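J.: Please see the structure below; I have some questions.
The values are calculated or read from the model by the stated rules, or taken from the named source; none is laboratory data. Only a predicted model underlies this, so the values are computations on that prediction, with no experimental measurement involved. Glycine gets a Cβ as well: all are built from the backbone with ideal geometry, and neighbour counts include every protein chain shown. The accessibility values were calculated without ligands, DNA or RNA, using every heavy atom of the protein model including side chains. Shrake-Rupley method; radii C 1.70, N 1.55, O 1.52, S 1.80 Å.
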Amino acid sequence: MKSATFMLALLVTGLLLTAGCTGQSGNNTTTAPANSSLPVMTGTITGEKNTTSITLPAGTTTTIELQENPTTGYAWNVTLSSGLAIENNTYIPDSTSADRVGAGGTHQWVVRGVSAGEQTFSAVYKRPWEPVTGNERQFTEFITVT
């Protein structure tokens, strides 16, 4: 019973933290400098479409989406380098299973390039109270801000 109460409290806290946030569509088309050999960000980066590196002009945004199920206690723990800023942080339940208890969804971050240089968006999928073991799902996107 204690476990169920704790999980419910964790879920309610997460929902309250994301209340009022809105998602942004993946229409973030950017252009790379002529001498750039890195892929140019167009649209949304997902865990299934993880490029090694992208180019993002300073002041523009890109959207990163990763599958998540906070009802299990697992969440993406994100770390950014100093040249990136999170503009929006939203959890979106799957529309096809929104009425099912325990169904997952997508966590979406809108990330802005703030200062030029090699930047990193890193995420580890784990329970916040458990130590990192090295066996967790991980996502890393290298972003060159120009």
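J.: E68 fails exactly one of the following numbered conditions: (1) free of Cβ contacts under 8 Å to residues at least 60 places away in the same chain; (2) more than 13 Å from the chain's Cα centre (by Cα); (3) open to solvent by less than 50 Å² (accessible area, probe 1.4 Å). What is the number of that condition?
T.: All conditions are met except number (2).
J.: While we're here: What's the total number of residues in region 37-68 that are modelled with pLDDT of 90 or more and assigned to a loop (DSSP other than H, G, I, E, B)?
T.: 4
J.: Among (1) more than 13 Å from the chain's Cα centre (by Cα); (2) under 20 Å from E136 (Cα atoms), where does G83 come up short?
T.: (2)
J.: Go through region 109-146 residue by residue and tally those that are touching an Asp or Glu at 6+ places or on another chain (Cβ under 7 Å) and either modelled with pLDDT under 90 or within 12 Å of A75 (Cα to Cα) (or both).
T.: 3
J.: Within region 99-111, how many residues turn out to be open to solvent by 70 Å² or more (accessible area, probe 1.4 Å) and either touching a residue at least 12 places away in the same chain (Cβ under 8 Å) or within 13 Å of P70 (Cα to Cα) (or both)?
T.: 1
J.: Follow-up question, since we're still on this one. Filter region 82-98 for residues that are under 17 Å from T72 (Cβ atoms) and either of a type in the set (A, V, I, L, M, F, W, C) or in contact (Cβ under 8 Å) with a residue 24 or more places away in the chain (or both); which is surrounded by the fewest Cβ atoms within 10 Å (Cβ to Cβ)?
T.: That would be A98.
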